[in-house]
1. Report whether or not Leu81 is touching a residue at least 24 places away in the same chain (Cβ under 8 Å), of a type outside the set (D, E, K, R), farther than 24 Å from Asp196 by Cβ and buried (at least 23 other Cβ atoms within 10 Å of the Cβ).
2. Among the residues of region 287-297, is any of a type in the set (Gly, Ala, Ser) and under 17 Å from Met248 (Cα atoms)?
3. Using the structure shown, decide if Ile292 is part of a helix (DSSP H, G or I), touching a Leu at 6+ places or on another chain (Cβ under 9 Å) and either within 27 Å of Ala261 (Cβ to Cβ) or open to solvent by 40 Å² or more (accessible area, probe 1.4 Å) (or both).
4. State which residue is farthest from Ala263 (Cα to Cα) when the search covers only region 196-215 and only residues that are β-branched (Val, Ile, Thr) and under 10 Å from the mean Cα position of the chain (by Cα).
5. Condition (residue is in a helix (DSSP H, G or I) and open to solvent by 10 Å² or more (accessible area, probe 1.4 Å)) applied to region 186-193: is it met by at least one residue?
6. With modelled with pLDDT of 95 or more, of a type outside the set (Lys, Arg) and at positive phi as the only criterion, which of Phe95, Phe118, Phe49 stands out?
7. Looking at (1) in contact (Cβ under 8 Å) with a residue 60 or more places away in the chain; (2) over 26 Å from Thr383 (Cα atoms); (3) open to solvent by less than 10 Å² (accessible area, probe 1.4 Å), find the lone condition where Val320 falls short.
8. Would you check if there is a residue in region 350-363 being more than 17 Å from the chain's Cα centre (by Cα) and not acidic (Asp, Glu)?
Amino acid sequence: MTLRKFAGLGALLSIVMPSLAMAADEVAAPVLNSGDTAWMLTATALVLFMTIPGLALFYGGMVRSKNILSVMMQCFAITGLISILWVVYGYSIAFDTTGMEQGVVNFNSFFGGMGKAFLAGVTPASITGPAALFPEAVFITFQMTFAIITPALIVGAFAERMKFSAMLIFMAIWFTLVYAPIAHMVWSGNGGLMWDWGVLDFAGGTVVHINAGVAGLVACIVLGKRKGFPTTPMAPHNLGYTLMGAAMLWIGWFGFNAGSAAAANGTAGMAMLVTQIATAAAALGWMFAEWITHGKPSALGIASGVVAGLVAVTPAAGTVGPMGALVIGLVAGVICFFCATSLKRKLGYDDSLDAFGVHGIGGIVGAILTGVFAAPALGGFGTVTDIAAQVWIQCKGVGFTVIYTAIVTYVILKVLDMVMGLRVTEEEEAVGLDLAQHNERGYNL
């Protein structure tokens, strides 16, 4: 009788257990979250809004009237070019984790595989995210907007003197050899070089701003100064455009930073708050530093301070607390002011629109201070227990990015200069790039 009971129980278990296993699989299966999806769609649109029209207006207003269209054209052309390169191979280089293993340094620690080239395997049903809660197609587009704005930022360093054709080829190569690999090293996950180091970069202080700022510095040095710089006045022709562009960048940056939480959650909410605090603090920091130094606060100064604050809080947005953001913003505003004015004059390089002074320096300041204010002991929300050790890791990440980006950017530019030339002729520069490169005028009076 007992044996029959066990036999009956075994038969029952053989029926029930597969059903329970199937039920468990169904529970564990990723389910799309409509709230997260809606937020990430919104954030993606906000980040694209930062480049067109935000950055196009911000930069366009700062150049002379004969070059406004050339700068805006470069922003639009880069948007189209990088969008296509991203889906062909950029996304794969940045986020394919084939061959990666935590703690093991190999080729795939620097450069992703090609398993996602041409977006192979991506369907409407593909889901991704921290808990696999929104479509992979949205993640691809969100990261695409980061890839778009990074090379567009470089334009500010060599504005008014680079050939449009050379610019396009430079950006395509730079995106392939610099942006996508740096993004992979920092953000791809276990096995990525800087990920394994423990570098904190929530939304792109290293990947976007230090990367673009250093590349811009190298570019403006390789191309040389604009004709007449620094003795000829080269005042911004329309600061109204610049202020409108700065406002668009400020608004769009909430998608940039809060969107990097990849969910509609508390981290996104705090990232939005600290972004606002740091930006306001940096705007005031730059304004008062300029007021004390030069006697009057300027519209260009406060707009530049806004961007400096946005840049500096970017790597920290997911881990820093409100008071840490306040300090980061104030420090970045003051330091970027002196670097974009006094340091640039002293060293004599012609960074036309202060791409390095604002993005490069702001990114470095923010990356290092992230190691300080991510610590819970200082009001942060990270896991930093040893501030000195984390600051060293941040400095190591900054140093690697600066050296890698500078060397590869320099080689790309020198090769292109030998092959096709980088710079417009003196006559074309005098006429203006709008007419010389595009046969159009920004203003027809």
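The values are calculated or read from the model by the stated rules, or taken from the named source; none is laboratory data. Remember, predicted model here, so these are calculated numbers, not experimental data. Positions of Cβ are generated from backbone atoms using ideal geometry, with glycine treated the same way; all protein chains shown enter the neighbour counts. Just the protein is used for accessible areas: all its heavy atoms, side chains included, with ligands, DNA and RNA removed. Shrake-Rupley method; radii C 1.70, N 1.55, O 1.52, S 1.80 Å.
1. Working: touching a residue at least 24 places away in the same chain (Cβ under 8 Å): yes; of a type outside the set (D, E, K, R): yes; farther than 24 Å from Asp196 by Cβ: yes; buried (at least 23 other Cβ atoms within 10 Å of the Cβ): no.
In short, no.
2. Filtering region 287-297 down to residues of a type in the set (Gly, Ala, Ser) leaves 289, 295.
From what is left, the residues that are under 17 Å from Met248 (Cα atoms) are none.
Among the residues of region 287-297, not one is of a type in the set (Gly, Ala, Ser) and under 17 Å from Met248 (Cα atoms), which makes the answer no.
3. On the way: part of a helix (DSSP H, G or I): yes; touching a Leu at 6+ places or on another chain (Cβ under 9 Å): no; either within 27 Å of Ala261 (Cβ to Cβ) or open to solvent by 40 Å² or more (accessible area, probe 1.4 Å) (or both): yes.
The answer is no for Ile292.
4. So in region 196-215, the residues β-branched (Val, Ile, Thr) come out as 199, 206-208, 210, 214.
Okay, now just the ones that are also under 10 Å from the mean Cα position of the chain (by Cα), so 206-208, 210.
Details: Thr206: 22, Val207: 21, Val208: 21, Ile210: 26 Å.
Only one residue tops the list, namely Ile210.
5. The first filter runs over region 186-193 and keeps only residues in a helix (DSSP H, G or I), leaving 186-187, 193.
Those still in the list that are open to solvent by 10 Å² or more (accessible area, probe 1.4 Å) too: 187, 193.
Yes - at least one qualifying residue is present in region 186-193.
6. Working: Phe95 fails: at positive phi; Phe49 fails: at positive phi.
Step by step, each of Phe95, Phe118, Phe49 is checked, and only Phe118 is modelled with pLDDT of 95 or more, of a type outside the set (Lys, Arg) and at positive phi.
7. Every listed condition holds for Val320 apart from (2).
8. Of the residues in region 350-363, the ones more than 17 Å from the chain's Cα centre (by Cα) are 350-353.
Adding the requirement that they be not acidic (Asp, Glu) leaves 352-353.
Within region 350-363, one or more residues are more than 17 Å from the chain's Cα centre (by Cα) and not acidic (Asp, Glu).
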